[in-house]
Every structure is written in C-alpha cells, then in structure tokens.
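One structure is given here, and the rest of the page talks about it.
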Amino acid sequence: QVQVVESGGDLVQPGGSLRLSCAASGSTTSSLAMGWYRRLPGKERELVATSSSGSAANYANSVKGRFTLSRDNTKNTVYLQMNSLKSEDTATYYCYAVQYGNTYWGQGTLVTVSS
C-alpha cells in the first residue's frame, strides 16, 4: 500500500504563485510514478503534470510555461510550482502515485485564484 498526502493549497491573487507538495509513503519503490490532476468546479478531472522516475515531466497545454513539477526521489515527494496563476486555475488539485499498476490518490488540496 502507498499513502499519498498533498499540501499547499491556498487562496492566491491572479498573477501570484503557489507551491503544492505531495509525499508518498508506505511500500514505495524507485519506479514510483507521481503527478497531479485537478478538478475544476463543475468539470471533469484533468491531468496537470506527470512524472516517472528518471523521465522529464509532461504538462497539460493549459499550464505549460507556468507550472513546474519537480521531484525529490529521496523523499518520494513531488512539488508543483505554479506561477502566473489565473482564475481558471481554481480547482481542487489531486496528487497520485502509480506503482505496479496500482494508482493511489491523495485527498486533494484546494487552490483558489481570486482577487
């Protein structure tokens, strides 16, 4: 079993920045893939960024150039640095971890972009 815990959601003004953190614990291995989805109000969940161990991150077109996913493999932690935030980035952000074909989800952290 793998446990996933996110943190860092907050209220931020348009144009501002925020960093989300996600830590995986439990029966983790170096092959753990981790990333972020988000669910905008009234919409389906969408992929934000994903990272496999040893590979470059991939991003949704809507966040390219503004969001950066980084990873600390020693801590099984990923970070999502979000810059130039827009109101349309308002969503609940969910971290996930994939190992041996099983997907584990965090509880979500709310990001609100508003003046």
Across the stretch 46-58, the tally of residues that are under 14 Å from Asp89 (Cα atoms) and either open to solvent by 50 Å² or more (accessible area, probe 1.4 Å) or in contact with a Pro (Cβ under 8 Å, 6 or more places away or on another chain) (or both) stands at 2
Candidate set from the stretch 30-81 (those that are touching a residue at least 60 places away in the same chain (Cβ under 8 Å) and closer than 15 Å to Val98 by Cβ); member that is nearest to the chain's Cα centre (by Cα)
Trp36
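If you go through the stretch 82-101 one residue at a time, how many are in a strand (DSSP E or B) and β-branched (Val, Ile, Thr)? Spell out the reasoning first.
As a first pass, look at the stretch 82-101 and keep what is in a strand (DSSP E or B): 82, 91-99.
In the following step, the residues that additionally are β-branched (Val, Ile, Thr) were identified as 92, 98.
Summing the residues that are in a strand (DSSP E or B) and β-branched (Val, Ile, Thr) in the stretch 82-101 gives 2.
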Applying the selection to the stretch 8-27, what residues are open to solvent by 30 Å² or more (accessible area, probe 1.4 Å) and in a strand (DSSP E or B)?
Leu11, Arg19, Ala23, Ser25, Gly26
Residues that are modelled with pLDDT under 95, farther than 29 Å from Thr74 by Cα and not small (Gly, Ala, Ser), drawn from the stretch 12-44:
Leu40, Pro41, Lys43, Glu44
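Quick test for you: out of Val48, Val63, Val5, pick the one residue that is of a type in the set (A, V, I, L, M), in a loop (DSSP other than H, G, I, E, B) and modelled with pLDDT of 90 or more.
On inspection, the qualifying residue turns out to be Val63.
Those residues that are out of contact with any Gly (no Cβ under 6 Å at 6 or more places or on another chain) and either open to solvent by less than 70 Å² (accessible area, probe 1.4 Å) or not in a loop (DSSP other than H, G, I, E, B) (or both), I need them from the stretch 102-115; list them, please.
Across the stretch 102-115, the qualifying residues are Asn102, Thr103, Tyr104, Trp105, Gly106, Gly108, Thr112, Val113, Ser114.
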Members of the stretch 28-45 found to be surrounded by 13 or more Cβ atoms within 10 Å (Cβ to Cβ) and not in a strand (DSSP E or B), listed by number:
Thr28, Leu32, Leu40
Search result, residues across the stretch 59-106 that are aliphatic (A, V, I, L, M) and in contact with a Cys (Cβ under 9 Å, 6 or more places away or on another chain):
Val78, Leu80, Ala97
How about the stretch 66-76: which of its residues are open to solvent by 60 Å² or more (accessible area, probe 1.4 Å) and modelled with pLDDT of 95 or more?
Thr68
Exactly one of these conditions fails for Tyr79: (1) of a type outside the set (Gly, Ala, Ser); (2) modelled with pLDDT of 95 or more; (3) not in a strand (DSSP E or B). Give me its number.
(3)
Under 6 Å between Cβ atoms, which residue pairs at least 6 apart in sequence (or on different chains) link something in the stretch 13-25 that is small (Gly, Ala, Ser) with a partner that is open to solvent by less than 30 Å² (accessible area, probe 1.4 Å) and in a strand (DSSP E or B)?
Ala23/Thr77; Ala24/Val2; Ala24/Val4; Ala24/Ala97
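The values are calculated or read from the model by the stated rules, or taken from the named source; none is laboratory data. On a predicted model such as this, the values are computed, not experimentally measured, just so you know. All Cβ positions, even for glycine, are placed from backbone atoms using ideal geometry, and neighbour counts span all protein chains on display. Please note that ligands, DNA and RNA were not included when accessible areas were found on the heavy atoms of the full protein model with its side chains. Shrake-Rupley method; radii C 1.70, N 1.55, O 1.52, S 1.80 Å.
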